[in-house]
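One structure is given here, and the rest of the page talks about it.
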Amino acid sequence: MLPAMPRKPQIAIVGPGRLGTALTRRFKQAGFTITEIIHRASLPKRGPRLLARATGARLSPISDALLNADVIWFCVPDRQIAATARALATRGNWKGKIAIHSSGALTSSELISLRQKGAAAASVHPLMTFVADTLPSLQGVPFAFEGDSKALSVARQIVQTLGGKPFRIHPKNKVAYHAWGAFTSPLLIALLVNAEHVAHAAGLSAADARKKMLPILTQTVENYGQLGPAGAFSGPLIRGDVEIVRKHLQVLKKIPGAKEVYVDLARTALRRLPVQNPGRIKRALKT
């Protein structure tokens, strides 16, 4: 007789915001039972109500949470994790349960109140961006893990079922890990907003600039992945074209903030990328 396949753990979600909603939908698609969606508001918004209906989950305020799942997965904002865990620690029996939060910067110690009640705890963070009205694929997405061995074992099973790629991270490295993530998405968007303003100086609308930037952005990211940063690097800096850099700086003076961003990024290129005529470029950036 073949051995029985291990049962998929049942999951309750605490905090049906952007991340919580996306994870809940992906868990449901992967065949996990969502027993409960726990919200902090006195009256749930339309989104959590629709999510509960779509997944067959009970919609509960913290004060009425059943906590009858194997895994309680916290998706509340970072500043609320510890307080929410303390509020739920007084409810139900936590012995043998798995408590997980998905903060990228904070460690599993935020869930110490649940550890003290007998739960195993972990932090499990997907290196992915979650925004309103999108449902990103988790196939191949890295998930940073740290915490108790029992919680990590269950989390690994869940993440691999989603198609994610779990990896261990030391608790002391989580803030640096999260800052790395900030460079890969939100600060990249900040850079692209600057690019839109520069495009406006060239006579393009923001919408037109976004549309026209996509081919070069896509190719640059593909080059970076395949060739590494030096192989993907192009433009006047790699050619050492000092006069063009000076012309850029002249026109960027007229666009608030753009010159400062350009200079900071060019200095990063001087430190870390194959720039020609680095001394002359450095002097041009100073003037």
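Observations
- Reported count of residues in region 153-165, each being surrounded by 18 or more Cβ atoms within 10 Å (Cβ to Cβ) and closer than 22 Å to residue 180 by Cα, is 2.
- Of note, residue 196 satisfies the criterion of being in contact with a helix residue (DSSP H, G or I) (Cβ under 7 Å, 6 or more places away or on another chain), under 30 Å from residue 256 (Cβ atoms), surrounded by 15 or more Cβ atoms within 10 Å (Cβ to Cβ) and of a type in the set (Asp, Glu).
- Test: residue in region 239-246 that is more than 26 Å from the chain's Cα centre (by Cα), farther than 24 Å from residue 185 by Cβ, loosely packed, with under 12 Cβ neighbours inside 10 Å and at pLDDT 95 or above: yes
- Meets criteria (over 24 Å from the mean Cα position of the chain (by Cα) and either more than 21 Å from residue 152 (Cβ to Cβ) or among the β-branched types (Val, Ile, Thr) (or both)) for residue 64: yes
- In region 212-234, of all residues being exposed (fewer than 11 other Cβ atoms within 10 Å of the Cβ) and of a type outside the set (A, V, I, L, M, F, W, C), the one that is farthest from residue 272 (Cα to Cα) corresponds to 215.
- Sole exception among (1) out of contact with any Asp or Glu (no Cβ under 8 Å at 6 or more places or on another chain); (2) surrounded by 21 or more Cβ atoms within 10 Å (Cβ to Cβ) for residue 150, by number: (2)
- Residue selected from region 35-61 under the condition surrounded by 15 or more Cβ atoms within 10 Å (Cβ to Cβ) and charged (D, E, K, R), by the criterion nearest to the chain's Cα centre (by Cα): 40
- Which listed residue is in contact with a Lys or Arg (Cβ under 7 Å, 6 or more places away or on another chain), in the same structural domain as residue 101 (by TED's automatic domain parsing), in a strand (DSSP E or B) and at pLDDT 95 or above, from 130, 145, 167: 145
- Lone qualifier among 133, 78 - being within 14 Å of the chain's Cα centre (by Cα), surrounded by fewer than 18 Cβ atoms within 10 Å (Cβ to Cβ), closer than 24 Å to residue 181 by Cβ and acidic (Asp, Glu): 78
- Inter-residue pairs, beta-carbon under 8 Å, first more than 17 Å from residue 67 (Cα to Cα) and in region 27-56, second among the hydrophobic types (A, V, I, L, M, F, W, C) and modelled with pLDDT under 90, 6+ apart: none
- Some residue of region 215-231 being farther than 25 Å from residue 184 by Cβ and of a type in the set (S, T, N, Q): no
- Given (1) in contact with a Gly (Cβ under 8 Å, 6 or more places away or on another chain); (2) in a helix (DSSP H, G or I), number of the condition residue 276 does not satisfy: (2)
- Yes/no for residue 175 being closer than 25 Å to residue 28 by Cα, in contact (Cβ under 8 Å) with a residue 60 or more places away in the chain and not assigned by TED's automatic domain parsing to the domain that holds residue 250: no
The values are calculated or read from the model by the stated rules, or taken from the named source; none is laboratory data. Keep in mind that this is a model prediction, so the values were computed, not measured. Note that we place each Cβ from the backbone using ideal geometry, even for glycine, and neighbour counts take in every protein chain shown.
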